[in-house]
1. Name the single residue that is surrounded by the most Cβ atoms within 10 Å (Cβ to Cβ) among those in region 531-542 being in a helix (DSSP H, G or I) and of a type outside the set (Lys, Arg).
2. Assigned to a helix (DSSP H, G or I), touching a Pro at 6+ places or on another chain (Cβ under 7 Å) and among the acidic types (Asp, Glu) - does that describe any residue in region 307-329?
3. Being in contact (Cβ under 8 Å) with a residue 60 or more places away in the chain and over 16 Å from Leu815 (Cβ atoms) is the filter; apply it to region 726-745 and report the residue that is most open to solvent (accessible area, probe 1.4 Å).
4. Condition (residue is touching a residue at least 40 places away in the same chain (Cβ under 8 Å), buried (at least 22 other Cβ atoms within 10 Å of the Cβ) and in contact with a strand residue (DSSP E or B) (Cβ under 7 Å, 6 or more places away or on another chain)) applied to region 390-400: is it met by at least one residue?
5. Could you tell me how many of the residues in region 624-649 are touching a helix residue (DSSP H, G or I) at 6+ places or on another chain (Cβ under 9 Å) and part of a helix (DSSP H, G or I)?
6. Using beta carbons and a limit of 7 Å, which pairs, at least six apart or on different chains, have the first residue in region 521-539 and at pLDDT 95 or above and the second one outside any helix (DSSP H, G or I) and surrounded by fewer than 23 Cβ atoms within 10 Å (Cβ to Cβ)?
7. Within region 409-455, how many residues are assigned to a helix (DSSP H, G or I), small (Gly, Ala, Ser) and more than 30 Å from Val506 (Cα to Cα)?
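The values are calculated or read from the model by the stated rules, or taken from the named source; none is laboratory data. Values in this document were obtained by computation on a predicted structure and should not be read as measured data. Every residue, glycine among them, receives a Cβ derived from its backbone with ideal geometry; neighbour counts consider all protein chains shown. Keep in mind that these areas ignore ligands, DNA and RNA; they rest on the heavy atoms of the full protein, side chains included. Shrake-Rupley method; radii C 1.70, N 1.55, O 1.52, S 1.80 Å.
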Amino acid sequence: MEELSADEIRRRRLARLAGGQTSQPSTPLSTPLTSPQRETPPGPLPGPSGVSPQPVPPAASQSLGLNVHSGTPATSPMGTSGVAYGSQSSEGVSSLSSSPSNSLETQSQSLSRSQSMDIDPASCEKSMSQVDVDSGIENMEVEDSDRREKRNLTEKETSANSDVSEDQALHLICKILRVSWKEQDRDVIFLPSLAADFHQNPKDVYSDFKDLISQILMEVLMMSSQSNVHNPFASLTATSQPIVAAKSSEHRLTLVQPSSQGSSPMGPSAGSFGASSLSSLGACGGGMSCDSASDRFTIEACKETEMLNYLIERFDSVGMEERKAPKMCSQPNVSQLLSNIRSQCISHVALVLQGALTQPRSPLQQSLLVPYMLCRNLPYGFIQELVRITHQEEEVFKQIFIPILRGLALAVKECSFDSDNFKFPLMALAELCEIKFGKTHPVCNLATSLPLWCPKPLSPGCGREIQRLSYLGAFFGLSVFAEDDIKVGDKYFSGPAITMENTRVVSQSLQHYLESARGDLFKVLHNILLNGETRELALNYMAALVNYNVKKAQMQTDDKLVSTDGFMLNFLWVLQQLSMKIKLDTVDPYYIFHPRCRLGVSLEETRLKATMEELKSWMAELHEDPSKFSEPKFPTECFFLTLHTHHLSILPCCRRYIRRLRAIRELNRTVEELKNSESQWKDSPLASRHREMLKRCKTQLKKLVRAKACADVGLLDENLLRRSLQFYSTVIQLILRMVDPAYPNITLPLNPEIPKSFAALPEFYVEDVAEFLLFVVQYSPQVLYEPCVQDVVTFLVVFICSQHYIRNPYLIAKLVEVLFVTNPAVQPRTQRFSEMMENHPLSIKHLVPALMKFYTDVEHTGATSEFYDKFTIRYHISTIFKSLWQNIAHHGTFMEEFNSGKQFVRYINMLINDTTFLLDESLESLKRIHEVQEEMKNKEQWDQLPREQQQSRQSQLTQDERVSRSYLALATETVEMFHILTKQVQKPFLRPVSVAASSARSTRFIPCIK
């Protein structure tokens, strides 16, 4: 009889299988399968009759399609060292056909193209280390000494007996796939079609073992798809915990650990999908509520699920066999056989996921693999092998993995930090993006090719659009802020049992959640950036997030038009990690003026010194010669993206936090006033209205307090604030280099000719540093104890002493305010920072004259509120002067300025004028306060006044008390400054003009005090 070719055998087998029943009725989900646990002692496998077969000649293995090679091929899931199966398998499937088969020649050619056919200890270790670095797949931990010992033992065994008989190979295949074509048994699947073929002509059934494995799997799956009564999997006994779709009480994804380590087919591995049979998938995997309309993440009760369960368990059984008999499995021919079983299982999984054996599945349908990935119940290396086999077939890869990516995005949209379910879709996506073959990350390529990777804006609310519509938006949208996710506050910060200690513990736990989620987000974006094919698309997406949210920097903005605070802080965290190792020498300071700058910096943006006309003129001159610009590099782009993201994320959060605290204080004051005045309104016609107002205020106060607790978690995170301070320190270094290239050996005064590149910088580059420092000093001063603080001190001193470099006087005033709030008299916890500022070499010589000059210059700022603004600014300067005067190092500068300073006479005049005005206003306010208080003491006279007049007088009293308190504080500081000056230097005050002014002031105020 003429020998049949492999293609002819496959064609006949498919025709025979297709001749069965064609209907595909839906049957109930049978008992799912997990990896069977059968302890088999190491050594040769017994034959079918239980007797160890005799060794066969080497030629026999060649005729069976088993390539006996001198070493373990690169496809071996377990090399001679016994380490775990890696993803860099060279045994591929050229086409995901229903029954892939290769002839002996083709297989030999394929093996010859493998990366490392010969077992060389050095190359083996190098190959495995490459897997560690590139693929993102964790290897099972094996000590180096154990590896060497196992390698030596395996090499000895291989040299002694490198062949496996045909009966042994067939028995191993049947054992792993749990099939039989000889006899029916309750714990195996009987294959009648294959049994008939073996009965007729055993030699023509298969061309090699790979073809046989394919035929077995195809017949099993066809039996399942075409059987409307008999379920072929019903005869199998599950010996480990099954994957079930039982509903959990909380309707959430739950992971149930196996009862013992021995019952798990794979040991726990945090770096791979479902290293063990962690099962018990909740009825709504991914944290979705079971009451949701689609119930997307329940394991579907369908034929495809039965097939997947079977194929996944068979894939896992290969690993179990390797651990039970590592010596035998390390033989090249056995290793190749096991690799073929793995690859054929994955190939048929791909067919099932496409619906090739049942009915085609739409890309919009929920992927059947998503629930397994969410409960991390897939064997080690399963997803990596699926990517490896399918990523070269573009359409097949898309058909399988687009539903997976969409399923993970849908899962994370339903997650929240009120439980730890959020981590499963994030970990799944991070691990998918880490899978690498060569220099390509296939899943990264696929994710960036999605239509909604970076959608174009359709409305004015482009910031909120890109968060809601972009693929990564759902993952970055996880937040602890009450405005973003009310469930966090309701669960953790409500109820009477909330104490300070409980709040602290809960805050630490939630911050740990945030750190975990952001770490996975970093892995995703970092791998997309590492992938050369997707780096440009990733940078475009990052720039779009910044450009679409420019309105967040406004003082008043509609939150519905921009991304949420939690979203932006997550994005900021990732950018901080990306920019952490950037060297300043690699950053181009001219980037924001570059024609190819991704950031949209408006010409109307206020600049540090340049006017709009000067800016346009300089930009035109700059763009005349494009050769002046160098090609933008990633460090430069990442640095400026991070800088602008700080402007749009953490600083708006700080302003919102301060506004919330102010609202809480006002509501507390309103509640107290209503309670204290209850005796006056409880019997009035407006009593019900006042009670309703009191109730509303209390309700709103509870919401605000809860929102503040959530904001404390998300914003007052010391790690986040420290990283922000470190980044701003780098920004400071860049700015100081622009004004003086000799930095850090900077000298004052700076060059009178201001560099145009510095003058054209956006004003918020400096203002953001000041605002951030003001917030940190007030709410988290311990963050200032960082090595980078020295740069901050230099920055403050240099620009306070170089006021002509900054056009806006209020920006200088903000820098002065930073010195004020870090003064130990104001914030004792920043004493070290204050000492660094006072003892700075530049500060000792230049700070006092600069502050004195600014004290006088602030008289005219150009703003409509300049008259009242100057008192606050001068109050800050006076407080700083008092502190500096106590430092002996500054005495010489003070005395020099007193005796011959250009600004001292003007300073004295301003001091006298301020004292006169402040005392006058304070005394007038005190007089009005005294009058109202006297009226209120006389009960009879007060009760006779109309109610409207009483309320008017009380409102005036409250206002006068507030004004007098403020003016008296300012006046006290000014008078104390007078006392210090007159005690140390009398000559300027003995001039006729000064004597006349002082005597007039005394004559005016002394009678009032009496």
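1. Met542
2. Yes, the conditions are met somewhere in region 307-329.
3. Of all residues in region 726-745, those in contact (Cβ under 8 Å) with a residue 60 or more places away in the chain come to 726-739.
Still in the running and over 16 Å from Leu815 (Cβ atoms): 726-727, 730, 733-734, 737-738.
Working: Gln726: 78, Phe727: 14, Thr730: 37, Gln733: 48, Leu734: 18, Arg737: 93, Met738: 27 Å².
The extreme case among them is Arg737.
4. There is no residue in region 390-400 that is touching a residue at least 40 places away in the same chain (Cβ under 8 Å), buried (at least 22 other Cβ atoms within 10 Å of the Cβ) and in contact with a strand residue (DSSP E or B) (Cβ under 7 Å, 6 or more places away or on another chain).
5. Matching residues across region 624-649 total 16.
6. Final answer for the pair search is Leu537/Trp453; Leu539/Arg598.
7. 1
Here is a yes/no grid of residues against (1) in contact with an Asp or Glu (Cβ under 9 Å, 6 or more places away or on another chain); (2) β-branched (Val, Ile, Thr); (3) within 25 Å of Ala825 (Cα to Cα):
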{"site": "Ser843", "(1), (2), (3)": "no, no, yes"}
{"site": "Val848", "(1), (2), (3)": "yes, yes, yes"}
{"site": "Phe854", "(1), (2), (3)": "no, no, yes"}
{"site": "Leu884", "(1), (2), (3)": "yes, no, yes"}
{"site": "Thr893", "(1), (2), (3)": "no, yes, yes"}
{"site": "Glu896", "(1), (2), (3)": "no, no, no"}
